[in-house]
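Undergrad: Next up is a structure, given as structure tokens.
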Amino acid sequence: MWIAASMLFVVLLGCWIGHQLPRWRGYDFYQDNLYYQVISEDSLWCRVVGKDDSLKGRAWGDVELTIPATTHWRGRNYRVIEVGEKAFADHQEIAYLSVAPGVRDIGVSAFQGCNHLRQVHLPEGLQQLHTDAFVDCKALRTLRLPSSLRALPDRCFHRSGLQSIDLPEGLQSIGQDVFVNCVELQHVGLPSTLKSIARGAFFQCEALQELTLPEGLEHVGEYALMYCPSLRQVT
């Protein structure tokens, strides 16, 4: 009798662990090579928190990653509104990124260290990039940011391979060290809506040649243009 009871307990424990394991690993469900975490059951919101390793056998810089607008689990359709913290950090195989409309936030260090990421499409309606979102994306040469962004967070593109970027109208602040050590950055277009450039924003942008500051700019932090040896004109 006790043997049968023990076996039943083990089976039930195994089933319980199997049900709980995804939560222990930081995700609630898996769909189309991506891991998701539920944010709200009432609103049917979720975030992407990572991808599996099924494509890692392919050549580095050969994978297109699409963050969908919706996903399906247990008979319910969830809206994807966030990319989670460090969700795709250090995934060397990712070359192309497309984020669907409806995604509002890209989390801290979400794509940090994606050294072969070279093309990025971000949707209108994106409200926040978080700190270190694209740090060390060495292959990223240019990027179009949506006009729905109001701020660039600290170190957002630190040590990236950006060569040119036009910041969108509507953007109001550039955070601390956003472009620090972007040694290939030659052109930055600043919007008329910009109010603040924080400390060290363009520190050591060695290829930056000129910069036009908008009339409504109210604050430029210390070291913002330090160690920019190619800078010849600031208007």
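Undergrad: Of all residues in the range 186-206, count the ones that are closer than 14 Å to Gln172 by Cα, touching an Asp or Glu at 6+ places or on another chain (Cβ under 6 Å) and part of a loop (DSSP other than H, G, I, E, B).
TA: Of the residues in the range 186-206, 3 are closer than 14 Å to Gln172 by Cα, touching an Asp or Glu at 6+ places or on another chain (Cβ under 6 Å) and part of a loop (DSSP other than H, G, I, E, B).
Undergrad: A further question on this structure: Taking into account only those residues within the range 207-224 that are charged (D, E, K, R) and in a loop (DSSP other than H, G, I, E, B), which is nearest to Gly189 (Cα to Cα)?
TA: First, the residues of the range 207-224 that are charged (D, E, K, R): 210, 215, 218, 222.
Cutting the leftovers down to in a loop (DSSP other than H, G, I, E, B) gives us 215, 218, 222.
Details: Glu215: 14, Glu218: 17, Glu222: 20 Å.
Restricting to residues being charged (D, E, K, R) and in a loop (DSSP other than H, G, I, E, B), the top hit is Glu215.
Undergrad: Also: Out of all the residues in the range 101-116, which are open to solvent by less than 40 Å² (accessible area, probe 1.4 Å), under 21 Å from Leu149 (Cα atoms) and within 13 Å of the chain's Cα centre (by Cα)?
TA: Kept after step one, since they are open to solvent by less than 40 Å² (accessible area, probe 1.4 Å), are these residues of the range 101-116: 102-103, 105-107, 109-111, 113-114.
Remaining after also requiring under 21 Å from Leu149 (Cα atoms): 102-103, 105-107, 109-111.
The answer is Val103, Asp105, Ile106, Gly107, Ser109, Ala110, Phe111.
Undergrad: Next up: Residue under question is Gln204, and the condition is that it be over 24 Å from Glu93 (Cα atoms) and surrounded by fewer than 17 Cβ atoms within 10 Å (Cβ to Cβ); does it hold? Explain how you work it out, then say what you get.
TA: Values: over 24 Å from Glu93 (Cα atoms): yes; surrounded by fewer than 17 Cβ atoms within 10 Å (Cβ to Cβ): no.
No.
Undergrad: Name the single residue, out of those in the range 66-87 being more than 14 Å from Asp28 (Cα to Cα) and of a type in the set (D, E, K, R), that is least open to solvent (accessible area, probe 1.4 Å).
TA: Glu82
Undergrad: Taking the range 189-235 on its own, how many of its residues are of a type in the set (Asp, Glu) and farther than 25 Å from Arg141 by Cβ?
TA: 3
Undergrad: Does any residue of the range 152-162 turn out to be open to solvent by 40 Å² or more (accessible area, probe 1.4 Å) and within 22 Å of Ala69 (Cα to Cα)? Full working, then the answer.
TA: The initial filter retains those residues of the range 152-162 that are open to solvent by 40 Å² or more (accessible area, probe 1.4 Å), namely 154-155, 159.
Then keep just the ones that are within 22 Å of Ala69 (Cα to Cα); that gives none.
No, the conditions are met nowhere in the range 152-162.
Undergrad: Could you give every pair whose Cβ atoms fall below 9 Å, whose first residue belongs to the range 29-42 and is charged (D, E, K, R), and whose second residue is surrounded by 14 or more Cβ atoms within 10 Å (Cβ to Cβ) and assigned to a strand (DSSP E or B), counting only separations of at least 6 or pairs across chains?
TA: From residues that are charged (D, E, K, R), the pairs are Asp32/Thr71.
The values are calculated or read from the model by the stated rules, or taken from the named source; none is laboratory data. Bear in mind that the values here come from a model prediction, so they are computed numbers and not experimental data. Every residue, glycine as well, gets a Cβ built from its backbone with ideal geometry; the counts of neighbours run over all protein chains shown. Just so you know, the surface numbers come from the protein's heavy atoms only, side chains and all, with ligands and any DNA or RNA stripped out. Shrake-Rupley method; radii C 1.70, N 1.55, O 1.52, S 1.80 Å.
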